[in-house]
1. With a cut-off of at most 11 other beta carbons within 10 Å, and DSSP calling the residue loop, which trypsin sites (Lys or Arg not before Pro) in region 1-51 qualify? Please list them.
2. Out of region 70-175, which trypsin sites (Lys or Arg not before Pro) are coil in DSSP terms and have no more than 13 other C-beta atoms within 10 Å?
3. Which percent of the accessible heavy-atom area of the chain goes to carbon and sulfur, probe 1.4 angstrom?
4. How much area per residue is accessible in the chain when the probe is 1.4 Å and only protein heavy atoms are counted (Å²)?
5. Scattering from the C-alpha atoms of region 10-57 alone, worked out with Debye: what is log10 I(q)/I(0) at q = 0.30 1/Å?
6. What is the magnitude of the charge dipole of the chain about its Cα centre, with +1 placed on the Cβ of each Lys and Arg, -1 on the Cβ of each Asp and Glu, and no other charges, expressed in debye to the nearest 20?
7. Multiply the residue gap between E33 and S88 by 0.36 nm, knock off their C-alpha separation, and tell me the result in nm, one decimal place.
8. Å³ per residue of the Cα convex hull, for region 128-175?
Amino acid sequence: KDVLTTKRGIEVGHVFKLGTRYSELIGAYFSDESDMQRPIIMGCYGIGVGRLFAAAIEQNHDGNGMVLPVTISPYGVSLIALNLDNKSVADAANMLYRELWGLGVEVLYDDRFESAGVKFKDADLLGLPIRLVISSRTIQNDTVEVKERVEGESYSVSRKQVVGEVEQILKRLSP
């Protein structure tokens, strides 16, 4: 009365049976119990890096795109500058970018002349753990907008405290 149950799985490893093709080419033989020379049967075994990344995305996504864990994210922070034609916005974004990199925080800086909606959508698709936004509005308020990709709600932090906030978030999100 055993019941067959099925569970969902993700294939991350692979096994390929190569047979004797390569062992015959390189002369890799063994002696069997009759002392007869036979080619060894070869195989390849491994974990696919691409498969691991696909599995992580399958487990960490939402309707807007990837939600990458800090441990595999290529960058910890997505820095978005809006209204780049405003010199104070460009200067503040450049300064924050350099400061974060100087502390070892990897930052992807979106300095394209695109709309806010395009930049926000692209940031969500990329799934980086933290999004920082500098705009004319945040400059007026002496703040930076912070949003954790996994949480979804943005909030403002003073420009003087944003680096510490980023460090705390990354520390909390790291295993």
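The values are calculated or read from the model by the stated rules, or taken from the named source; none is laboratory data. As the structure is a computational prediction, the values presented were derived from the model and not from experiment. Using ideal geometry, Cβ is built from the backbone for each residue, glycine included, and neighbour counts are taken over all protein chains shown. These accessible areas exclude ligands, DNA and RNA; they are computed on the full protein's heavy atoms, side chains included. Shrake-Rupley method; radii C 1.70, N 1.55, O 1.52, S 1.80 Å.
1. K1, K7, R8
2. Here the sparse-neighbourhood loop sites are R112, K160.
3. C and S atoms contribute 54 percent here.
4. 65
5. The Cα Debye sum returns log10 ratios of -1.00.
6. Using Cβ point charges on Lys, Arg, Asp and Glu, the chain gives about 180 debye.
7. Extra length from E33 to S88 when fully extended: 11.6 nm.
8. Dividing the Cα hull volume of region 128-175 by its residue count gives 63 Å³.
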